[in-house]
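Participant: This is the structure I have questions about; it appears just below.
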Amino acid sequence: MKCENCSKKECSKKQKNDDTQSTSVDALSSNDGSEEKNEFDTLANAKILLSDCLACDSCMTLEEGARVFQQNQKEFFRVLNLNKKCDTSKHKVLAVSLCPQSLPYFAAKFNLSVNEAAKRLCGFLKSLGVHYVFDTTIAADFSILESQREFVQRYQRRNQEEHALPMFASACPGWIRYAERVLTNLVTPHICTAKSPQQIMGSLVKGYFARQQNLSPDKIFHVVVAPCYDKKLEALREDFYTALYNSAEVDCVLTSGEIVQIMEQKNVSMKDVTEVAVDSLFDGLKEGDVVRHDGKRSDGYLEHIFKHAAKELFGVDVKEITYKALKNKDFQEVTLEKDGETVLRFAAAYGFRNIQNMVLKLKKGKFFYHFVEVLACPGGCLNGKGQAQSEDGKPDRALLAQMEEVYTAIPARLPESNLHVQRMYQDWLEGMDSKKVQDTLHTSYSAGSQSTSSLDIKW
């Protein structure tokens with residue numbers, strides 16, 4: 001793969017064990033040895049490599065690389081230790097949000113049910129000093145609902161607006177980085193403006209929840225546990241930072257594998273951890289059993305948007321979706337026929353090989369899809385490099401198969417059926433068509449939008 005805006009340089013998506021070209025977190029650490037030792041000090045040196053990130057380092061500035069490395073265990077432990085000191089004015093409320101695609105990893109790895117895994121992970125995090133542990137499924141509800149509405153609107157404007165269709169999904173930060181830095185204006189106008197579940201969760205925690213708890217957003221340290229390293233990059237976007245409060249929506253992203261590293265270094269077994277119910281954003285409530293959205297390996301954008309569009313645009317109730325695999329299992333097509341005509345043509349394109357083929361068709365004017373669910377990882381989000389890799393840096397196929405089995409067994413829930421979401425649209429967001437919805441749940445994408453100077457965020 002060549003980066004077209006990097007003088008045709010090869011993107012160096014190196015293997016994890018390529019130590020000669022990779023940079024470790026220690027090399028960019030500002031710790032000069034004078035920091036006060038604390039109980040987390042021995043845990044703070046776990047390394048991540050730039051090559052773990054799907055975004056090639058040809059498309060990442062040095063400053064961005066440094067800021068990615070700041071989102072490591074050491075930063076998490078720094079805040080935990082700060083809360084143990086007497087100066088309460090500097091204390092932070094620690095909130096951790098769990099991605100649905102991370103939970104099957106813990107369930108499969110430790111031979112637990114997904115509900116046991118969620119509760120034991122919550123118990124472990126709270127034993128470290130975390131105050132709240134949330135499930136990001138509610139944020140995915142919002143993201144899917146907004147994506148559904150945007151697709152219908154784009155479809156209705158397709159004859160008036162050149163870039164209305166196709167619409168590309170916006171939930172995968174590896175894909176977004178590649179689109180902005182490499183594909184530029186060819187693709188960016190086509191990306192759905194709905195924020196990803198991670199960043200909507202950031203708005204919920206630093207906005208809705210902060211208001212409920214009468215807290216300033218900067219008093220909350222928000223950590224997301226995610227399947228991939230690219231989520232760290234996403235948290236750094238300047239549009240997900242509020243200058244008024246000097247506060248990012250997501251302060252730190254830790255991968256599932258990094259959480260396991262913490263457990264191992266503290267000699268904690270998941271099976272010995274006390275189960276604690278996951279918290280809800282709503283006072284006095286706890287989360288029930290884990291649920292997911294339709295879609296075998298992702299948050300199910302394709303399935304939900306397809307069914308919604310079929311009903312809204314053509315009055316067709318689609319009960320089951322039939323996927324047609326094309327060149328490989330990671331490029332699949334779904335179509336809707338009406339009166340002998342194909343009226344909707346959707347695709348799922350996972351992995352950069354399929355993404356490049358898709359873009360080539362777009363360049364040649366031979367792209368006939370209305371919507372594409374694009375994910376940078378072959379196999380989807382469960383196969384994120386932060387959780388589905390063996391020690392030699394290769395995919396752990398046996399573990400991935402177990403995770404897929406666990407994930408598909410989780411009961412699916414329609415985002416429209418979440419009463420909390422419907423109430424929040426009215427009570428917090430001032431209605432579904434309000435300016436606040438646009439400001440809170442949407443963003444924009446543009447060619448080369450993240451310059452070095454724009455990332456001067458204080459962490």
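The values are calculated or read from the model by the stated rules, or taken from the named source; none is laboratory data. Everything quoted here is computed from the prediction, not taken from an experiment. Note that each Cβ is placed from the backbone with ideal geometry, even for glycine, and that neighbours are counted across all protein chains shown. Surface accessibility is based on the protein's heavy atoms, side chains included, excluding ligands, DNA and RNA. Shrake-Rupley method; radii C 1.70, N 1.55, O 1.52, S 1.80 Å.
Participant: Given Cβ point charges of +1 (Lys, Arg) and -1 (Asp, Glu) and nothing else, what value in debye, to the nearest 20, does the dipole of the stretch 106-153 about its Cα centre take?
Facilitator: Here the size comes out at about 320 debye.
Participant: So what J values fall out for the stretch 146-163 if you push phi through Karplus, 6.51 cos²θ - 1.76 cosθ + 1.60 with θ = phi - 60°, rounded to Hz, Gly and Pro as x?
Facilitator: Those phi angles translate into 5, 5, 4, 5, 5, 4, 4, 5, 5, 4, 5, 9, 4, 8, 9, 10, 4, 9 Hz.
Participant: Over the stretch 286-366, with a single point scatterer placed on each C-alpha, what log10 of the ratio I(q)/I(0) does the Debye formula yield at q = 0.18, 0.19, 0.22 1/Å?
Facilitator: -0.87, -0.94, -1.12
Participant: Quick one: plug the Kirkwood hydrodynamic radius of the stretch 265-408 (C-alpha pairs) into Stokes-Einstein at 10 °C, 1.306 mPa s, and report D in µm²/s.
Facilitator: 88
Participant: Determine the shape class of the stretch 333-459: with a ≥ b ≥ c the square roots of the Cα gyration tensor eigenvalues, call it rounded for a/c under 1.5, and otherwise prolate if a/b is greater than b/c, oblate otherwise.
Facilitator: Taking the square roots of the gyration eigenvalues as a ≥ b ≥ c, the stretch 333-459 is rounded.
Participant: Where does the stretch 250-309 land on Rg/Rh, using Cα atoms and the Kirkwood Rh?
Facilitator: That ratio equals 1.09.
Participant: For a quick check: with amide H placed at 1.01 Å from N, whose amide H comes under 5 Å from Ile220's, ignoring anything fewer than 5 positions away on the same chain?
Facilitator: Residues meeting the amide H criterion: Val93.
Participant: Now a separate question. With N set to the residue count of the stretch 169-297, report its C-alpha Rg divided by 2.2 N^0.38 Å to two decimal places.
Facilitator: 1.22
Participant: What is the distance, in nm, between label points placed 7 Å from the Cα along the Cα-to-Cβ direction at Lys329 and at Ala401?
Facilitator: 0.9
Participant: Counting other Cβ atoms within 10 Å, which GluC sites (Glu not before Pro) in the stretch 152-254 have at most 14 and lie in a DSSP loop?
Facilitator: Counting only loop positions with at most 14 other Cβ atoms within 10 Å, the GluC sites (Glu not before Pro) in the stretch 152-254 are Glu161, Glu162.
Participant: When each pair of different Cα atoms in the stretch 63-162 is counted once in the 1/r mean, what is the Kirkwood radius in angstroms, to one decimal?
Facilitator: 17.0
Participant: With θ set to phi - 60° and the Karplus curve 6.51 cos²θ - 1.76 cosθ + 1.60, what are the ³J(HN,Hα) couplings of the stretch 99-108 in order, to the nearest whole Hz, using x for Gly and Pro?
Facilitator: Karplus-based 3J(HN,Hα) across the stretch 99-108 equals 6, x, 7, 7, 4, x, 5, 5, 5, 5 Hz.
Participant: Then there's this: Accessible surface of Arg181 in the full protein assembly, 1.4 angstrom probe, to the nearest 10 Å²?
Facilitator: For Arg181, solvent-accessible area is about 30 Å².
Participant: Find out how many positive minus negative residues lie around Phe331, taking Lys and Arg as positive, Asp and Glu as negative, among other residues whose Cβ is under 14 Å from that of Phe331.
Facilitator: +4
Participant: Using the Karplus curve 6.51 cos²θ - 1.76 cosθ + 1.60 with θ = phi - 60°, work out ³J(HN,Hα) for each residue of the stretch 371-378 in order, rounded to whole Hz, and write x for Gly and Pro.
Facilitator: For the stretch 371-378, the Karplus curve yields 8, 10, 7, 9, 10, 6, 8, x Hz.
Participant: Then there is this: Using a 7 Å offset from the Cα along the Cα-to-Cβ direction at both Asp87 and Thr408, what is the distance between the two label points in nm, to one decimal?
Facilitator: Modelled inter-label distance: 5.4 nm.
Participant: A follow-up question, please. Say R0 is 51 Å: what FRET efficiency, to the nearest 0.05, do Asn246 and Val152 get from their beta-carbon distance?
Facilitator: Efficiency at R0 = 51 Å is approximately 0.85.
Participant: In square nanometres, what is one fourth of the surface area of the convex hull spanned by the alpha carbons of the stretch 114-189?
Facilitator: 7.4
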